[in-house]
Amino acid sequence: MSKLKGRSLISITDYSKEEILQVLDIAEGFEKNIRQKLLDQYVVASLFFEPSTRTRLSFESAVQYMGGSIIGFASADTSSVKKGESLKDTILTVSNYSDLIVMRNPIDGSARFASEVSPVPIINAGDGANQHPTQCLLDLYSIRKTQGTLENLDIALVGDLKYGRTVHSLVQALSLFNATFHLVSPESLKLPSAVKKWIGDANLKYFQYTDLSDVIDKMDIIYMTRIQGERFPDPLEYEKVKNSYILNNSMLANSKETVRVLHPLPRVNEISEDVDDNPKAYYFQQARNGVYVRQALIAAILGLK
Amino acid sequence: MKNKRTELIVSAISNGTVIDHIQTDNTFRVFKILGLENTDHQVYFGTNLTSSKYGKKGLIKISDKFFEKEDINKIALVAPTATLIEIRDYVIVKKEMVSTPDTIEKIVKCYNPKCVTNNQQVFTKFNVITDHKGNMKLSCHYCEKTMDKSHIEFL
């Protein structure tokens, strides 16, 4: 029986290296057979206080492939939150109706708080700008699947490294696997020093760049993220840098055969569509891996794997 | 001579707690942390007192009041140099430096306006950490944001 049984997942750091690998191993089983009917007579609550496409639908798809039932809401407007109900009351109420709660909420730290008041486990599907651990696990799954290992890889993280929560979680997780980090961002969107400290504490190396073309050829993974114009205090500054972080197909010409391009999606223009047909593009398969990883988590937390 | 002068300014107490060697600018913050504005106990305090160690210092004496170590250690957040002295029947029975606790609960506000503690009825909780330069920082248990001393605001 899994050590993950009954435990909430709020932050990727809640799991040890062994526990992360355990989830990825279970997910492999779901990739081989997605229709494992483990959730017969189980009810999973899906509480999305803000909109989401991939995360919500992949959780709901995960539950339904396993034969479970889903209850919940897809926006705060259709719940009692609109009437002013507190998060605590919502969680305590919904925990009466379900075995597990999947929650996305725009407030930072709301997931940790929910896990402290809830009698059933919580899976954090994103709490504001803070954590999104299931994205991190599916990123790790995608990296391991395409590279055959998580150890000793050269990983380029590209784009908004300052505000991108997926990047921060990924750095924390990959620091367990002896990665070398290549950080590509505009000056104003560099990785925060608190996150770099994770790399330093693990005695790993990182290199910083401002030009994407400087790193492509040596990488095992190129992890692209969206740069949002509104993050720049000066719009002119954004105009100056935005094109330096767009990956197009010709830039991959001399890259390793085994390199894969990942992106948490949604993409805007940071990966040109001409990359989509290149076998090195992996972002849509990456999104599909989210279903297997979420199935694995639900099964492990409910003690069914 | 110095000791005598302190004695003249701030009366001796027979029983209670003396908090000495507070950085003088932080005397009122210590006052606030310990809720001394609302206490029924006799409280004496001084600021800008002469200190051989720090030049100037603050000092607070509270009659018939003894603090739990955990409470008094909150002082370390704003006055890490403070000394805690317990007096019983005019005799010093305990004298020790304050030390920073591992966690701080309910007394400091999270500086992140989007933190759940600023949006729902949730008590704040922080882990006290040290950065690579040795500076003390508070890491919010909920939103995981780290704030340095300059952002500390007491509730």
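Summary of values
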| read-out | value |
| --- | --- |
| Residues satisfying the stated conditions in region B:51-76, i.e. at pLDDT 90 or above and either on the phi < 0 side of the Ramachandran plot or not assigned by TED's automatic domain parsing to the domain that holds B:Ala12 (or both) | B:Lys56, B:Lys57, B:Gly58, B:Leu59, B:Ile60, B:Lys61, B:Ile62, B:Ser63, B:Lys65, B:Phe66 |
| Any hit, region B:77-91, residues being modelled with pLDDT of 85 or more, touching a strand residue (DSSP E or B) at 6+ places or on another chain (Cβ under 9 Å), among the aliphatic types (A, V, I, L, M) and not assigned by TED's automatic domain parsing to the domain that holds B:Ala12 | no |
| Selection within region B:96-118 - touching a helix residue (DSSP H, G or I) at 6+ places or on another chain (Cβ under 8 Å) and outside any helix (DSSP H, G or I) | B:Val98, B:Ser99, B:Thr100, B:Pro101, B:Ile104, B:Ile107, B:Val108, B:Lys109, B:Cys110, B:Tyr111, B:Asn112 |
| Strands (runs of 3 or more DSSP E) wholly inside region A:95-169 that include at least 2 residues being within 14 Å of another protein chain (Cβ to nearest Cβ) | A:100-105, A:122-127 |
| Check on A:Asp77, away from chain B (no Cβ under 13 Å), acidic (Asp, Glu), at negative phi and assigned to a helix (DSSP H, G or I) | yes |
| Residues that are out of contact with any Phe, Trp or Tyr (no Cβ under 8 Å at 6 or more places or on another chain), part of a loop (DSSP other than H, G, I, E, B) and either without any contact (Cβ under 8 Å) to a residue 40 or more places away in the chain or within 12 Å of chain A (Cβ to nearest Cβ) (or both), drawn from region B:125-155 | B:Asp131, B:His132, B:Lys133, B:Gly134, B:Asn135, B:Cys143, B:Glu144 |
| Residue match in region A:161-172 (condition: modelled with pLDDT of 95 or more, outside the structural domain of A:Pro106 (by TED's automatic domain parsing) and of a type in the set (Phe, Trp, Tyr)) | no |
| Unmet criterion (only one of (1) crowded, with 18+ Cβ neighbours inside 10 Å; (2) assigned to a loop (DSSP other than H, G, I, E, B); (3) of a type in the set (Asp, Glu)) for A:Glu85 | (1) |
| Any chance A:Ser79 is more than 22 Å from A:Arg288 (Cα to Cα), touching a residue at least 24 places away in the same chain (Cβ under 8 Å) and surrounded by fewer than 22 Cβ atoms within 10 Å (Cβ to Cβ) | yes |
| Matching residues, region B:35-71, being part of a loop (DSSP other than H, G, I, E, B), acidic (Asp, Glu) and surrounded by 12 or more Cβ atoms within 10 Å (Cβ to Cβ) | B:Asp64 |
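The values are calculated or read from the model by the stated rules, or taken from the named source; none is laboratory data. Just so it is clear, the model here is predicted, and its values are computed rather than measured. Using ideal geometry, Cβ is built from the backbone for each residue, glycine included, and neighbour counts are taken over all protein chains shown.
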